[in-house]
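Derivation of every value follows stated rules applied to the coordinates shown; laboratory data play no part. As the structure is a prediction and not an experimental result, all values here were calculated from the model. Virtual Cβ from ideal backbone geometry, glycine too; neighbours counted across all protein chains shown.
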C-alpha cells in the first residue's frame, strides 16, 4: 500500500498529521542532560552519530518516523513500524520463533520481564493517543536506552488514530532524560480515559506479526511470561516437525501475586498443587480455555524433550495461546475493545483446516488471578456488540471456505 503524504499541515497550531508532531517533539530536546534542554536535531539529522548515545537514538527514531509512516488498511490509524533498528547481530534461524504481543503505553514496563525471560526476537505493537503521546515516547526511548536486552531483541511498532488533531500549544515539552540508575522511578503515568477511541487489539496483533522475520510466531498477552528456554526447546523440536497445518497450543495459567513465577513444568505443578497457580481465566471464562484439557496435561509423564502431548478439538469460545507458522490466518481487525477478538481468529483457523496440538513442557503464566468483576465498566456492552459481529464473521467464513466441512 503506498505511503500517505509525508508532510503534515499546520494550521493555527494544529498539526493534522500526527507523524510530524512526533518529529517536532523529538527534535526539540537534548536528552543527554539530567535536566532536559533544547537541542536542534534538525541541524545534524543527516550526520552519522559517532557513538550510540542518546542523541544517536533520537536521530534514529526521527529517521524511522519520517520514512516509515503508513496507514492501516481501514485508513483510520497511523502505523510506524520498527521505530528502533534491531541491534542484535546474531543470525536468525529459519525456523526460529518471535514472541509477539501488543499493549498501551501504561503496560510497557512488562516488556522488561519479557526480554529477560525470552532470549529471542520480540515484536510489540504499542497503541497511543495524542494525550498519551509524550509519555509513550518518553517510555519507549527510556526502555530502549536503559535495558540492553530490550535494545537487542525488541521491535516496537506504534499505532495511533488518524483523526485526532494534535495541538502544539498543549505539549508540555517535558521529555525525561533517561536516568538508568533510577529506571523504575523515572516515569509516573495515570491511566488515561480514551473517550470515543476503541482499542484495536487485532490491528495491533497483525502489525506485530507482519514485521516478524522468523518462520514462527508466538502470540501472547503483554502481562504473561513463558517458561524458560521455550524458544530453544521449540527450535530443536520443530526441526523434525513437518506439518504446517498444526498450531502448537501453550497451556496458560494465572498465579497469585505473591507466588514466584515458575521456570519449568516441575515448579509449575508444585505451585498448582499448593493452589498458588490455576488455569488461565478459571473464574472469568472457563470454556475459553477448557479444550486445552488441563487435567490431562497435569498428569502427563515427565519428559526432557518438548513435544506435542495430544491434539484437541476446537470448541465454542476457545481462545488458546499458541505458536504457529507466520502465514496463519490473521486477525479480523473489525473486532475492537473487549470480546471475540481472539475467538474469531481461532474459529477461522479451525475452518481453514488447522489442528491444535498441546505442547507438553510449555506454558504461560499471567501474574495475578483474574476475576469477573475486574474488568472495565463497558465490558458487557462491547462483548454484546462483538458477539453480533462474530455471527456475521462466521457467515462470511462459509463463503471464504466453501469446501470446509468444519464449523464454529
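Neighbour counting of Cβ atoms within 10 Å sorts the residues 97, 126, fewest neighbours leading, into 97, 126. Neighbour counts of other Cβ atoms within 10 Å put 81, 236, 98, 399 in the fewest-to-most order 399, 236, 81, 98.
Going by the alpha-carbon gyration tensor, a ≥ b ≥ c the square roots of its eigenvalues, is region 346-408 rounded (a/c under 1.5) or, if a/c is not under 1.5, prolate (a/b greater than b/c) versus oblate? Taking the square roots of the gyration eigenvalues as a ≥ b ≥ c, region 346-408 is oblate.
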